[in-house]
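**Student:** Dropping the structure in here first, questions after.
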């Protein structure tokens, strides 16, 4: 009786408030077989709460209907395109997909219009309605970043990875967070997963390049940079990043050598003088490589980059210092100490 009253109120009287009242009573009525009758919560979800755009209650009722009896036949089966929708379970899936799709598309439009607060609200509804759609999670990551909710990014990434552990964007985002926390090993593992499952692995591979440097694996970094350039020979950003790689190697070699140079005299241990000379030679080669890659990046860029020009200038100045001061001076020190350098 309560269920008939609810459907009449919704379908004939267009009184959703009365329909909700009788529908909720029917959920508890023994006459309506509440333990096995999934039509009641399905009706409330589709014809009352969806009609009122009360998406949270709609999602709640869809879950109840699915739990009670997903194989129960619908009162009014229908077709969605060429697909027959005949059972409660199929009806629940159809409603979820349709409503989720509409809300998600609205969220994308809002995001593109830079209305990030409203986009976040829409995506949170999407998450309630259809939590298994992986698209929710990367989209929420982007919105949280725009809204300054950085503390929520890792939480939503973890939830997304529980849905799809191979999602490239979520693995990359988690790797970025690990990198920021200087957990380079974890970042390396996650970047490798992100690369494996990415449709556009190049940008992620560039990030991995610097992991090798931070781990002190310089030869791996050099080998990997060569691999990258074979794959992306016309990418100015890649050449720039490899230039940065060699720039970092230059400074990591040059700075300690300069400090040691200031303490080195003719009386210093011969091995120290030989090691110092080798360090300057290595630093100069790194600087030369860095300058060369920056110049290649500049040649491939459509617009001249100030950062590239400055980087080239910095490497040239450093090479000049080594050619005109440090290397000649250490050679003179070696000669005075009767040490063979080469």
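**Student:** Working only within region 7-47, note down all residues that are assigned to a helix (DSSP H, G or I) and either in contact (Cβ under 8 Å) with a residue 40 or more places away in the chain or on the phi > 0 side of the Ramachandran plot (or both).
**Tutor:** Matches in region 7-47: 7, 10, 39, 42, 43, 45, 46, 47.
**Student:** Kindly indicate whether any position in region 136-144 is assigned to a loop (DSSP other than H, G, I, E, B), in contact (Cβ under 8 Å) with a residue 24 or more places away in the chain and closer than 29 Å to residue 92 by Cβ.
**Tutor:** No - not one qualifying residue is present in region 136-144.
**Student:** When you scan region 125-135, how many residues do you find that are outside any helix (DSSP H, G or I) and touching a helix residue (DSSP H, G or I) at 6+ places or on another chain (Cβ under 7 Å)?
**Tutor:** 5
**Student:** With the condition kept exactly as written, say whether any residue in region 106-116 is surrounded by 14 or more Cβ atoms within 10 Å (Cβ to Cβ), out of contact with any helix residue (DSSP H, G or I) (no Cβ under 8 Å at 6 or more places or on another chain) and not assigned by TED's automatic domain parsing to the domain that holds residue 14.
**Tutor:** Yes, that holds for at least one residue.
**Student:** Does residue 226 satisfy the criteria of being within 30 Å of residue 122 (Cα to Cα) and modelled with pLDDT under 95?
**Tutor:** no
**Student:** Sort out for me the helices (runs of 4 or more DSSP H) sitting completely within region 163-274 that have 2 or more residues that are touching a residue at least 12 places away in the same chain (Cβ under 8 Å) and within 25 Å of residue 318 (Cα to Cα).
**Tutor:** Per the criteria, 202-214, 218-231, 236-261.
**Student:** Here's something else I'd like to know. How many residues does region 63-73 contain that are farther than 15 Å from residue 34 by Cα and either assigned to a helix (DSSP H, G or I) or modelled with pLDDT under 95 (or both)?
**Tutor:** Within region 63-73, residues that are farther than 15 Å from residue 34 by Cα and either assigned to a helix (DSSP H, G or I) or modelled with pLDDT under 95 (or both) number 0.
**Student:** For residue 60, state whether it is out of contact with any strand residue (DSSP E or B) (no Cβ under 8 Å at 6 or more places or on another chain), surrounded by fewer than 17 Cβ atoms within 10 Å (Cβ to Cβ) and at pLDDT 95 or above.
**Tutor:** yes
The values are calculated or read from the model by the stated rules, or taken from the named source; none is laboratory data. Since the model is a prediction, treat every value here as computed from it, not as a measurement. Ideal geometry is used to build each Cβ from the backbone, glycine not excepted, and the neighbour counts take in all protein chains shown.
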